[in-house]
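Asker: Pasting a structure below so you can have a look.
The values are calculated or read from the model by the stated rules, or taken from the named source; none is laboratory data. Just so it is clear, the model here is predicted, and its values are computed rather than measured. Please note: Cβ atoms are built from the backbone with ideal geometry, for glycine as well, and neighbour counts cover all protein chains shown.
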Amino acid sequence: MCMGGPPAPPRQEENEPVLEVRVQLLGGGGAHNINDNADILSEILARLDGRSLAAAAGVCRLWAAVSRRDAVWEELCLRHVGPASGPAAAGHATRTVVAALGGYRRLYRLCLGPALDRLGRAGALAHAQARERLSLSLSLSLFSIDCYERLGGAGGGGAAGRQQPPSSLLFLCKPVDVS
Amino acid sequence: MDPAATASLSGELPLPSVQGAAASYCVDLSVDASVLPAVPPSVAEAEAARTGHEEEENAAIRLVHLLVTCANDIQAGDYAAATGNLAEARLALGTTVSTATGIGRVTSHFAAALGQRLSRASPSDSGAAPVAASSAEHTGELYRQFYEAGPFLKFAHFTANQAILEAFEGCDRVHVLDCAIMQGAQWPALIQSLSLRPGGPPALRITGIGPPPAADGSRDELNEVGVRLTEFARAVNVPFSFCGVRGDTIDPIQAWMFKLVPGEALAVNSICQLHRLLVDDVDPNSVAAFFPEPIHTVLCWITSMQPRVFTIFEQEADHNNPALVERFTNALFYYGALFDSMEAMSTHRRTNTTGGLGGEAYLQREIFDIVCGEGSGRVERHEPLNVWHGRLWRAGLAQTPLGPSAIRRAAGLLRSLCGAGYRVQERGDFLTLAWHDRPLFTASVWHAPPTNNVINRLFELLMGEPEAQPTEGEPEAQATEI
């Protein structure tokens, strides 16, 4: 991840104050640090790819906290789903459901991330069409099964299998825990 | 040092040597020819590998031939010859053909099944140990392993859920009836899709048919499944209720047990259950001919409930022939392809396969049933899609055409679940999951046409049933590569 230069101002609501800030920053006079504003940091980290974002969690406590924000992972996930997922994909309802199922970070780790890796491995041709092929609804379906199996673990049943990580998604990735 | 001497001492080809200050390179070609191999190593190795491979193939072909001959002998009643052939086959399995992989793995199950059949026929033969009678819990566990080992059940659930979702569009109260709910793994995805439906989720009711609680009272699977589904639905805010209907088979069940509510949209879901209801052809002159076959009873009450959608998933195979040899041969090739695909998938995942393939035990049960079971003892009566098409049509059901995106979505699912090799074939309105052009399972969607179409229906019956869409091997089957 490239760390050159001061971060760009997030929103351009009014020209004057923004210009001021810009002048200040470009003037190089001042200790403006990327860590000064967690929201700006969040905006930046939200533009990373999955691996970098996971790595960012190890930089310092602030970065760890920000990179655990589900909103950051939500942006990452939505960036990778195909256009077929429709406008509903970014809606409030989806956010509620995903939160109930375990959050976007977990969704990426268990479903989208491995699927992207697999598409990447499949070769350049597949990668070019990767966006169309990655479906949010499919990922959510698989994610639902994962959540359901975890519910089973909390409930009854003394079978040894219940205490292991949900096995129906083991095929997607080796269970390396980054949480 | 003299390069030639070096060569004869060490057996290596001489390296270019620097001689004197001029640093001129020279390669001494006067090397003893006997130290060089007669043929370059890579060619010899390839030759050996190919012969070894051919030998393995021949051994496998011999083994299959032995087993089929054994089945033939059993069918003819010649148990002595059958025992001899089986013993020879077992010997081959122990030595020339490896049972850990490929054809050896699947044939070892068939050999064991033949062994069991022989041991029942002539008690003096100490055949393989019989498959242990199992509790519902054990069945459930095997089913779960099969679910994880291959994409088959996931494909079934996914395509069925898509069809149900489409059929429920615009309905506020919906009811799903699952002919065999098992661990309920199909339904979380549907519940989640309904919760994100534009316009909000409907009130969902699921009725699951499942086995009665274990005799020792330790676990009530059906109840547990109900609790988990309810909890899940609550988490995603879908109004939900669950009802369990207990029964080992579905034919004694009656429509009134489901407490249908008028105005509710109904979906019936059957994953690999319908074939269990088939029976051998009855003698038309016997008393049994007066009683309807279980499959007709069940299809009758399903049709009477007027489901908006009836999703069916069945094996695409002909394992219901009364003649053992036909069944045996068909099953051998079918399960061979199935095991092949599962092996490829476990290699693809790079999981540990020392304990045998996941799902192997589940399939072993099916194999034993097909080979050893006769009459009412056989439940795995798989039939190909054209037979099912005729049967369902005669029962009064009509097929729902697949949407244009069905095949694309199914292909997308297979792509994300597993590597190359699996294909989705669209034949008419049937969606078939195939392994390298060998069809394995077929999904189809049906509905009951409204009863006021009685005149049309009579007309259709008079004109004869429509042909099932392209039969096996027809070029019209469009396969989608993964």
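Asker: Would you check if there is a residue in the stretch B:249-259 being without any contact (Cβ under 8 Å) to a residue 40 or more places away in the chain, surrounded by fewer than 16 Cβ atoms within 10 Å (Cβ to Cβ), of a type in the set (A, V, I, L, M, F, W, C) and over 23 Å from residue B:379 (Cβ atoms)?
Answerer: Yes, the stretch B:249-259 contains at least one residue that is without any contact (Cβ under 8 Å) to a residue 40 or more places away in the chain, surrounded by fewer than 16 Cβ atoms within 10 Å (Cβ to Cβ), of a type in the set (A, V, I, L, M, F, W, C) and over 23 Å from residue B:379 (Cβ atoms).
Asker: I've got another one for you. Taking the condition of being closer than 19 Å to residue B:271 by Cβ and at pLDDT below 85, how many residues in the stretch B:419-436 meet it?
Answerer: 0
Asker: Here is a further query. Could you say whether any residue in the stretch B:395-403 is polar (S, T, N, Q), modelled with pLDDT of 90 or more, on the phi < 0 side of the Ramachandran plot and touching a strand residue (DSSP E or B) at 6+ places or on another chain (Cβ under 8 Å)?
Answerer: Initially, the stretch B:395-403 is screened for residues polar (S, T, N, Q), giving B:399-400.
In the following step, the residues that additionally are modelled with pLDDT of 90 or more were identified as B:399-400.
Checking the rest, the ones that are also on the phi < 0 side of the Ramachandran plot come to B:399-400.
This time we only want the ones that are touching a strand residue (DSSP E or B) at 6+ places or on another chain (Cβ under 8 Å), so: B:399-400.
Yes, some residue in the stretch B:395-403 is polar (S, T, N, Q), modelled with pLDDT of 90 or more, on the phi < 0 side of the Ramachandran plot and touching a strand residue (DSSP E or B) at 6+ places or on another chain (Cβ under 8 Å).
Asker: With the structure loaded, tell me whether residue B:238 is surrounded by fewer than 18 Cβ atoms within 10 Å (Cβ to Cβ) and either closer than 30 Å to residue B:202 by Cα or modelled with pLDDT under 90 (or both) or whether it fails that test. Spell out the reasoning first.
Answerer: Working: surrounded by fewer than 18 Cβ atoms within 10 Å (Cβ to Cβ): no; either closer than 30 Å to residue B:202 by Cα or modelled with pLDDT under 90 (or both): yes.
Here the answer is no, as residue B:238 does not meet what is asked.
Asker: If a residue has to be under 20 Å from residue A:54 (Cα atoms) and modelled with pLDDT under 85 to count, how many in the stretch A:79-110 make the cut?
Answerer: 3
Asker: Here are some residues: A:151, A:116, A:140, A:76. Which one is over 22 Å from residue B:162 (Cβ atoms), within 8 Å of chain B (Cβ to nearest Cβ) and either modelled with pLDDT of 80 or more or not in a loop (DSSP other than H, G, I, E, B) (or both)? Walk me through it before giving the result.
Answerer: On the way: A:116 fails: within 8 Å of chain B (Cβ to nearest Cβ); A:140 fails: over 22 Å from residue B:162 (Cβ atoms); A:76 fails: within 8 Å of chain B (Cβ to nearest Cβ).
When all the criteria are applied, what remains is A:151.
Asker: Follow-up. Can you tell me which residue among B:180, B:185, B:214, B:189 is touching a Ser or Thr at 6+ places or on another chain (Cβ under 8 Å) and modelled with pLDDT under 90?
Answerer: Answer to the check: B:214.
Asker: With respect to the numbered conditions (1) at pLDDT 90 or above; (2) surrounded by fewer than 24 Cβ atoms within 10 Å (Cβ to Cβ); (3) hydroxyl-bearing (Ser, Thr, Tyr); (4) under 19 Å from the mean Cα position of the chain (by Cα), which one is the sole condition not fulfilled by residue B:159?
Answerer: (2) is the only condition that residue B:159 fails.
Asker: Continuing with this model, one more query. Which members of the stretch B:420-436 meet the condition of being part of a loop (DSSP other than H, G, I, E, B), farther than 14 Å from residue B:337 by Cα and either of a type in the set (Asp, Glu) or touching a strand residue (DSSP E or B) at 6+ places or on another chain (Cβ under 7 Å) (or both)? Talk me through it step by step, then tell me what you get.
Answerer: Of the stretch B:420-436, the ones part of a loop (DSSP other than H, G, I, E, B) are B:420-421, B:428-429, B:436.
Add one more test, that the residue is farther than 14 Å from residue B:337 by Cα, and what stays is B:420, B:428-429.
Residue satisfying the conditions is B:429 alone.
Asker: Can I ask one more? Is there a residue in the stretch B:150-159 that is within 11 Å of chain A (Cβ to nearest Cβ), without any contact (Cβ under 8 Å) to a residue 40 or more places away in the chain and in a helix (DSSP H, G or I)?
Answerer: Initial filter on the stretch B:150-159 (within 11 Å of chain A (Cβ to nearest Cβ)): B:150-151, B:153-154, B:157-158.
Narrowing the set further to residues that are without any contact (Cβ under 8 Å) to a residue 40 or more places away in the chain leaves none.
Checking the stretch B:150-159: not a single residue is within 11 Å of chain A (Cβ to nearest Cβ), without any contact (Cβ under 8 Å) to a residue 40 or more places away in the chain and in a helix (DSSP H, G or I).
Asker: Looking only at the stretch B:137-148, filter to residues that are in contact (Cβ under 8 Å) with a residue 40 or more places away in the chain and more than 9 Å from every other protein chain (Cβ to nearest Cβ); which one of those is surrounded by the most Cβ atoms within 10 Å (Cβ to Cβ)?
Answerer: The extreme case among them is B:146.
Asker: Could you check the stretch B:93-120 and list, in sequence order, the residues that are over 25 Å from residue B:347 (Cβ atoms) and surrounded by 16 or more Cβ atoms within 10 Å (Cβ to Cβ)? Give the steps one after another, and end with the answer.
Answerer: Narrowing the stretch B:93-120 to residues over 25 Å from residue B:347 (Cβ atoms): B:113-120.
Passing the criteria: B:113, B:114, B:115, B:116, B:117, B:118, B:119.
Asker: Can you say whether residue B:410 is buried (at least 17 other Cβ atoms within 10 Å of the Cβ), within 17 Å of the chain's Cα centre (by Cα), touching a residue at least 12 places away in the same chain (Cβ under 8 Å) and part of a strand (DSSP E or B), as far as the supplied structure shows? If you could, list the steps in order and put the result at the bottom.
Answerer: Numbers: buried (at least 17 other Cβ atoms within 10 Å of the Cβ): yes; within 17 Å of the chain's Cα centre (by Cα): yes; touching a residue at least 12 places away in the same chain (Cβ under 8 Å): yes; part of a strand (DSSP E or B): no.
For residue B:410, the condition - buried (at least 17 other Cβ atoms within 10 Å of the Cβ), within 17 Å of the chain's Cα centre (by Cα), touching a residue at least 12 places away in the same chain (Cβ under 8 Å) and part of a strand (DSSP E or B) - is not met.
Asker: For the stretch A:121-137, name all the residues that are modelled with pLDDT under 70 and assigned to a helix (DSSP H, G or I).
Answerer: Initial filter on the stretch A:121-137 (modelled with pLDDT under 70): A:121-134.
Residues satisfying the conditions are A:121, A:124, A:125, A:126, A:127, A:128, A:130, A:131, A:132, A:133.
Asker: Further question: Whether any residue in the stretch B:291-298 is in contact (Cβ under 8 Å) with a residue 40 or more places away in the chain and crowded, with 18+ Cβ neighbours inside 10 Å is what I want to check. Break it down into steps so the answer makes sense when it comes.
Answerer: Within the stretch B:291-298, the subset in contact (Cβ under 8 Å) with a residue 40 or more places away in the chain is B:294-298.
Filter again for crowded, with 18+ Cβ neighbours inside 10 Å, leaving B:295, B:298.
Yes, the stretch B:291-298 contains at least one residue that is in contact (Cβ under 8 Å) with a residue 40 or more places away in the chain and crowded, with 18+ Cβ neighbours inside 10 Å.
Asker: Inspect all residues belonging to the stretch B:163-177 and state whether any of them is buried (at least 22 other Cβ atoms within 10 Å of the Cβ), within 9 Å of chain A (Cβ to nearest Cβ) and either under 26 Å from the mean Cα position of the chain (by Cα) or without any contact (Cβ under 8 Å) to a residue 12 or more places away in the chain (or both).
Answerer: no
Asker: Starting from residues that are at the interface with another protein chain (Cβ under 10 Å from one of its Cβ atoms) and surrounded by fewer than 22 Cβ atoms within 10 Å (Cβ to Cβ), keep the ones in the stretch B:217-229 and report whichever is nearest to residue A:93 (Cα to Cα).
Answerer: Going through the stretch B:217-229, the residues at the interface with another protein chain (Cβ under 10 Å from one of its Cβ atoms) turn out to be B:218-221, B:223-225, B:227-229.
Next, from what is left, pick out any that are surrounded by fewer than 22 Cβ atoms within 10 Å (Cβ to Cβ): B:218-220, B:223-224, B:227.
Numbers: B:218: 40, B:219: 36, B:220: 34, B:223: 30, B:224: 28, B:227: 24 Å.
Filtering the stretch B:217-229 for residues that are at the interface with another protein chain (Cβ under 10 Å from one of its Cβ atoms) and surrounded by fewer than 22 Cβ atoms within 10 Å (Cβ to Cβ), the one nearest to residue A:93 (Cα to Cα) comes out as B:227.
Asker: Does residue B:184 meet the test of being within 12 Å of another protein chain (Cβ to nearest Cβ) and free of Cβ contacts under 8 Å to residues at least 40 places away in the same chain? Working first, answer last.
Answerer: Values: within 12 Å of another protein chain (Cβ to nearest Cβ): yes; free of Cβ contacts under 8 Å to residues at least 40 places away in the same chain: no.
Against the criterion (within 12 Å of another protein chain (Cβ to nearest Cβ) and free of Cβ contacts under 8 Å to residues at least 40 places away in the same chain), residue B:184 does not qualify.
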